[in-house]
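Below is one structure, written out as structure tokens, with a few remarks after it.
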């Protein structure tokens, strides 16, 4: 095992090269803090997002933050002779992220971090080839990949018959086959649309009695929502016989009625969620309610027409799943059954940072945790001095915007201010 000499040690190590990790590198280096960064650039986005996917967030809410706010999607488009397409295709966002990485972390090390453990007053980072680094600060921006949630009764099905949306099953694989998609959020409904467009026969099962749609901000910054209300539990919207999509739209003028530019939450909750410093001092119960309400299952308005030809069955849950002659048999809570070729789960993620494979067990055991999330203080620092968490793990402590790219506008500069012990504004928006 090779051990780095003191001169090769880095004061700050960033684990993860997605939007939050790259923003952290940009701000750390912009503040003159020597930084080593490890990870596959935009790895989660490149490996888990199906081809043809579009970003739910608008282009203005999809910028990765840098100290001067110059490395935006618009700047990428101008520099590369491209045009910002709305909604933003996943391929364009990945290309933008790689362009951003080349400018802030051209020396990104793609080796896997095998272990983070305590070494005296510092943290020891061991890489996959055995090299060790001593770090005063370790910034974990490793995302959601280890936490895909496969609920019972699907957890007993083999991968050949059941996959999570994070597994990025190629839609064209299912041409001519029958697929049930479980879930009523963006990943589930967009996967369903892509599967249908690739030639699959698709039914979407949604446990809730309605689907929430996220609309665009209009000239005055309005947000609107629409639902597909069933006439009774378990009703389906099928092909041309589907009930019309009914939108409720209430326009109000003035700042109070405009949703925050984070595009996370409603006209009121979005402003609270866009203020991480406010979220952090709220009672934990109120924080949980706010966060859960702001990120409840919802999908972008532009999916509605693409889903019209599909069967949407609302208010129904799967209570039993098993294999039958190489296919999947599902029994629903109303006693009805489905037999299909494959199930795709858009069931989200169940965070537990102690399951990051690189956290040494004794270090993970020291973390103060609530519901799988680390409890973070100023600078997004955990209960272990020098160990910071950015992105989705900061959701409980700093609010729902941390789960999205737009949250880089808060967590990366707040990280640097916390490390440097600098006075900071009492209040900073997450956009």
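We did not get these values from a lab; they are worked out from the coordinates using the rules stated. All figures in this text were calculated on a predicted structure; none of them were measured in a lab. Because the Cβ atoms are built from the backbone with ideal geometry, glycine has one as well, and the counts that use them run over all protein chains shown.
Could you tell me the relative contact order of the chain? Use alpha-carbon pairs under 8 Å, at least six residues apart, and round to a whole percent.
Values: 945 pairs, mean separation 83.5, N = 431.
Once divided by the residue count of the chain, the mean separation gives 19 percent.
Take every Cα pair under 8 Å in segment 266-342 that's 6+ residues apart, average their separations, divide by the length, and report that relative contact order as a whole percent.
16 percent
Ranked by Cβ crowding within 10 angstrom, fewest neighbours first, how are 402, 282, 49 ordered?
The order, fewest Cβ neighbours first, is 282, 49, 402.
Pairing the Cα long axis of helix 186-197 with the longest principal axis of the chain, what angle in degrees results, from 0 to 90 and rounded to the nearest 10?
For 186-197 against the chain, the angle is about 50 degrees.
Where the centre of each part is set by its Cα atoms, how far does segment 313-363 sit from segment 76-123, in angstrom?
The two parts, judged by their Cα centres, are 31 Å apart.
With a ≥ b ≥ c the root eigenvalues of the C-alpha gyration tensor of segment 147-211, is it rounded (a/c under 1.5), prolate (a/b larger than b/c) or oblate?
Taking the square roots of the gyration eigenvalues as a ≥ b ≥ c, segment 147-211 is oblate.
Treating the angle as unsigned and between 0 and 90°, give the value, to the nearest 10°, between the Cα long axis of helix 408-420 and the longest Cα principal axis of the chain.
Tilt relative to the chain: about 20 degrees.
Can you tell me the length gained on complete extension of the stretch residue 427 to residue 178, counting 0.36 nm per residue apart and subtracting the Cα distance?
Fully extending the segment from residue 427 to residue 178 adds 84.5 nm.
Ratio of alpha-carbon Rg to the 2.2 N^0.38 Å globular estimate for segment 308-348, to two decimals, please.
Working: Rg = 11.0 Å, N = 41, 2.2 N^0.38 = 9.0 Å.
Working it through for segment 308-348, the quotient is 1.22.
For the chain, what is the mean residue ellipticity at 222 nm derived from helices alone (per DSSP H run of n ≥ 4: -39500 (n - 2.57); sum divided by total residues; nearest 500 deg cm²/dmol)?
Roughly -6500 deg cm²/dmol at 222 nm, from the helical runs in the chain.
Helix 19-30 versus the longest principal axis of the chain: what angle, 0 to 90°, nearest 10, using Cα atoms?
The angle comes out near 20 degrees.
For segment 60-165, what is the relative contact order in percent, using Cα pairs closer than 8 Å and at least 6 residues apart in sequence?
Here the relative contact order equals 12 percent.
How would you rank 388, 27, 209, going from fewest to most other Cβ atoms within 10 Å of each one's own Cβ?
Details: 388 27, 27 24, 209 17.
Lowest to highest Cβ neighbour count: 209, 27, 388.
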